[in-house]
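These notes are about the structure you will find just below.
Quick note: the coordinates plus some simple rules give every number you see, no bench work behind them. None of the values given here were measured: they were computed from a predicted structure. Cβ atoms come from the backbone with ideal geometry, glycine included; neighbour counts cover every protein chain shown.
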Amino acid sequence: MDRAALAKVLHDQHDEFQRTKVEVQRFVDLEPHFKSLKHVSVITGVRRCGKSTLLKQICSKLPSAANIFYLRLDDPRLSTFLESDFETAYAIWLEEIRSSADQPSYLFFDEVQNVDSWERWIDYFSLRPHTKVFVTGSNSKLLSSEFSTFLTGRQLRLHLTPFSMNEILHLHFADPQSITQMRSSPEGQAEFQKLFTQFNLFGGFPRAYLDRNAAILPDLYDDILRRDILPRSKRARPRSLIELARILATESGRLFNRSNVAPIINVSGPLTVGKYCQLFCDAFLFQEIRAFSPSLRKQLRSLSKFYCIDHALSREVGLGFASGDSAQLEIMVFNELSRQRNSIFYWNSNKGYEVDFLVVQGGKPVTAIQVAYSVDNSSTREREVRALLAAKKELGIQHLIIITNSTTQELEIDATRIKVVPFLEWASGKTPGTKTPSTV
């Protein structure tokens, strides 16, 4: 790449990065990433979930005199950027941008997966004296065994998602104590419900939520397809991939049969469907869960369920469902469980009663969760309770929860207690068994 053109991009990106504002403090634990300069911090997450802004949040915790190198590799002006240009970019920064040779350097490579052989250069930079390297990417290739081989255990991982409900609450109520106080008044409860309604409508992708504009989500989705999925599927049929994505978005949380889907998207069979699904999971657009069983073989043979990374995105790009639908609430619950790094499964009892989510720790199920928009209907309440009681009887689970849109209740059936809680209360950490992530 032409050196002068690369220098201009570096200066432009450096200036833009300095102007970036952190509108929402993300609930991630950054402390381990500051303790060791030699460990590369690898930040992954779906495109447009806020990774670049998180880098700016990281910068705000650094000494004011620290040297900051920033290179965003999905810039269209860098379409001809080659492996050898890493060295040129670093030389330009040393000569023209670095502020002090006596201070530690922090190198930020944003969307690094866009350049071939980036692994060896990240390894090279990480071994330089007084240098800390952060990389971000929108594809799980950043976690590949090849990269691990280069770094030989010198990496720290951090996975970022779109905004959580808890982060949104703290955006609007900066003081945690004020959140507790607001909960105790009717006015506060009304304000909380308003925020939940906005989250319900716009989802957690930063620009969609902050701009209150769900109309940008289809374009964001197309961007993910075009930049993170299609380029990595050279043998795939683009039309089949697009159709599969629509099916996955529309049927998030439903049983997914690869054999049934294959003829619908016009591919050879279930193995091809599985490979296509993996492309979406690699780009963090969907996550897959299986049925819980003590037998790993039975788990792997069970039908999958796929959940979209964002409930509003699923609604906008799929065939759609009502904003009050339990299906949308179920996606919200799954994504919150996933943020807490839980091992998540669904489960079927011996009589065929299905539990939406089992949280498993150390191979043992510890929490059973049902999701229902409302349990006012007696048949709905009976169905959800029946499955939870089966989980207690067959798996020995004591912690049973039904998550709803707005109902708070405690049911007691034959000495078994089942908590009925609104999503907002559960997601903000007010329900036992819910972790609240640490902040920086």
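For region 1-147, what value does the Rg/Rh ratio take when both radii are computed over Cα atoms and Rh is the Kirkwood radius, given to two decimals?
Ratio value, two decimals: 0.92.
Can you tell me how region 308-368 classifies by the Cα gyration tensor, rounded, prolate or oblate, using a/c under 1.5 as the rounded cut?
Judged from the Cα gyration tensor, region 308-368 comes out oblate (a/c at least 1.5, b/c at or above a/b).
With the Cα gyration tensor of region 312-421 giving a ≥ b ≥ c as the square roots of its eigenvalues, does the rule (a/c under 1.5 for rounded; else a/b larger than b/c for prolate; else oblate) give rounded, prolate or oblate?
Oblate.
With the calculation restricted to Cα positions, what are the radius of gyration and Dmax of region 206-427 in angstrom?
Over region 206-427's Cα set, Rg and Dmax evaluate to 18.2, 58 Å.
Rank the residues HIS130, HIS159 as a footprinting-exposure proxy: fewest other Cβ atoms within 10 Å of their Cβ go first.
HIS130, HIS159
Pick out which of PRO206, PRO76, PRO218 has the largest mean-square fluctuation in a Gaussian network model of the chain, springs linking Cα atoms closer than 10 Å.
PRO76
Please give the contour-minus-distance gain from ARG77 to MET1: 0.36 nm per residue of separation, less the Cα-Cα distance, rounded to one decimal in nm.
Full extension from ARG77 to MET1 adds 26.4 nm.
Out of the DSSP beta bridges found with both residues in the chain, what percent are antiparallel (nearest 5)?
Taking every DSSP beta bridge with both residues in the chain, the antiparallel ones total about 40 percent.
In debye, nearest 20, what is the charge dipole magnitude of the chain about its Cα centre with +1 on Lys and Arg Cβ and -1 on Asp and Glu Cβ, if you could check?
Dipole about the Cα centre, nearest 20: 1240 debye.
With each label point set 7 Å from Cα along the Cα-Cβ vector, what nm distance links ASN350 and LYS8?
Result: 7.4 nm between the two label points.
Kindly provide the helix-only [θ] at 222 nm of the chain, computed as the sum of -39,500 (n - 2.57) over DSSP H runs of four or more divided by all residues, to the nearest 500 deg cm²/dmol?
Counting only the DSSP helices, I get -12500 deg cm²/dmol.
What's the exposure ranking of LYS351, LYS275, LYS392, LYS305, going from fewest to most Cβ atoms within 10 Å?
Listing LYS351, LYS275, LYS392, LYS305 from fewest to most nearby Cβ atoms yields LYS351, LYS275, LYS392, LYS305.
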